[in-house]
1. Can you tell me which residues in the range 180-194 are in contact (Cβ under 8 Å) with a residue 60 or more places away in the chain and buried (at least 18 other Cβ atoms within 10 Å of the Cβ)?
2. Just checking, does the range 242-255 include any residue being in contact with an Asp or Glu (Cβ under 9 Å, 6 or more places away or on another chain), among the small types (G, A, S) and crowded, with 19+ Cβ neighbours inside 10 Å?
3. Go through (1) buried (at least 23 other Cβ atoms within 10 Å of the Cβ); (2) not in a helix (DSSP H, G or I) and name the single condition Y52 misses.
4. Checking the condition more than 24 Å from A241 (Cβ to Cβ) and of a type in the set (S, T, Y), which residue from T98, T86, T143 passes?
5. Tell me whether the range 222-238 contains one or more residues that are surrounded by fewer than 18 Cβ atoms within 10 Å (Cβ to Cβ) and not polar (S, T, N, Q).
6. How do the pairs read when you match residues in the range 203-217 that are over 14 Å from S182 (Cβ atoms) with residues anywhere that are surrounded by 20 or more Cβ atoms within 10 Å (Cβ to Cβ) and hydroxyl-bearing (S, T, Y), using Cβ under 9 Å and keeping only pairs 6 or more apart or on different chains?
7. Only one of I191, I198, I225 is in contact with a Gly (Cβ under 6 Å, 6 or more places away or on another chain) and over 27 Å from A16 (Cα atoms). Can you tell me which?
8. Taking the condition of being surrounded by 15 or more Cβ atoms within 10 Å (Cβ to Cβ), modelled with pLDDT under 90 and assigned to a loop (DSSP other than H, G, I, E, B), how many residues in the range 77-133 meet it?
Amino acid sequence: MDLLTIISNTLGELIAPTTAAYVLAAIGLNIHFGMTGLMNMGQAGFMLLGAYGFAITQSMGTNMFTSICAAVALAVIYALLLGIPTLKLGPDYLAMVTLAAAEIIRSIGRSTAMTNFTGGSAGISPQDFTTKFEASSPLPDGTTTFLLWTYNNNIANSWWLRIVSWILVAIAALLCWRWFHSPWGRVLKGIREDENAIRSLGKNVTKYKMQALILGGIFGAIGGILFVLPRSVQPDSLGRAVTFYTWTILLLGGAATIFGPILGSCLLWVLLTFVKEVMRGVIPDTLISSNQVESLGWIIVGVALMCLVIFRPQGLLGDRKELAFNA
């Protein structure tokens, strides 16, 4: 067992673009659930639309700004389509609609009728949409070693992508800190606690809920872009499991907190990678296969998360009072 390799691979998850993508998706979900009490069970749908909006427009030859705007526009339209018929109803309806809608988006992406646009079940190759992003890098060509990690500067899972990803995370955290402590954020928290009380003050509760749904969806769409930049756009890679991972990250770090999504994402992927790396180094291949290591790793992490939910349901950074929804 190579201890240095295990440490390098494990700690590498702290700065991985995928970790940052899940942070942004969890920040969006934090706006939905942590701030407003919206039960969005389809954050993967926002991520997939953002990924498709960016990748398809890039493959058509548009510039980066236009592609990002297309991803954001799709998220806004999607939020409007979800929110208009459901936000006046109870949270259960929104949960069912968002879960079903995310599956519809994934099924449309896999459809052979959409192969010319989405690539069908095979997806969109990274060579079709990552070229301009890589060309925008100010870093020199080649690879760079920093501490324990060596990555290409500009291509695929690169330092450039890591720098951009975590800058976006910092901006998102700063914006959320400002929003959480603004009058608008206090209205959202009031809606989460007792929307009838807020309505009695003359506030348009549905409008505030729609604003939260749109903003959280935009963060999800940007997270979707970061998620696919080091890989292809494959609809099944942004399925139901991604939404459940995002919920796990949010609840692990603590809902209604600024740094909860960041801590939750880093901790989940570091812990999962560490468990898998140790099992691969300790358990011989003749006893357990690589696929079984993947499954067993999730089981162990899942049990740890269950214990966390039992003994600290508010999450690592959360406040128990913040979980008193509609108390």
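The values are calculated or read from the model by the stated rules, or taken from the named source; none is laboratory data. This one's a predicted model, so the numbers in the text were calculated from it and none came from an experiment. Neighbour counts are summed over all protein chains in view; Cβ atoms, including those assigned to glycine, are modelled from backbone coordinates with ideal geometry.
1. Of everything in the range 180-194, those that are in contact (Cβ under 8 Å) with a residue 60 or more places away in the chain and buried (at least 18 other Cβ atoms within 10 Å of the Cβ) turn out to be F180, G185, L188, I191, R192.
2. Within the range 242-255 (the criterion being in contact with an Asp or Glu (Cβ under 9 Å, 6 or more places away or on another chain), among the small types (G, A, S) and crowded, with 19+ Cβ neighbours inside 10 Å), the answer is yes, since at least one residue qualifies.
3. Here Y52 meets the rest and fails (2).
4. Going through T98, T86, T143 in turn, just one is more than 24 Å from A241 (Cβ to Cβ) and of a type in the set (S, T, Y): T143.
5. yes
6. What qualifies is K209/T36; L213/T36; G216/T36; G217/Y78.
7. Only one candidate qualifies: I198.
8. Residues flagged as surrounded by 15 or more Cβ atoms within 10 Å (Cβ to Cβ), modelled with pLDDT under 90 and assigned to a loop (DSSP other than H, G, I, E, B) within the range 77-133 amount to 1.
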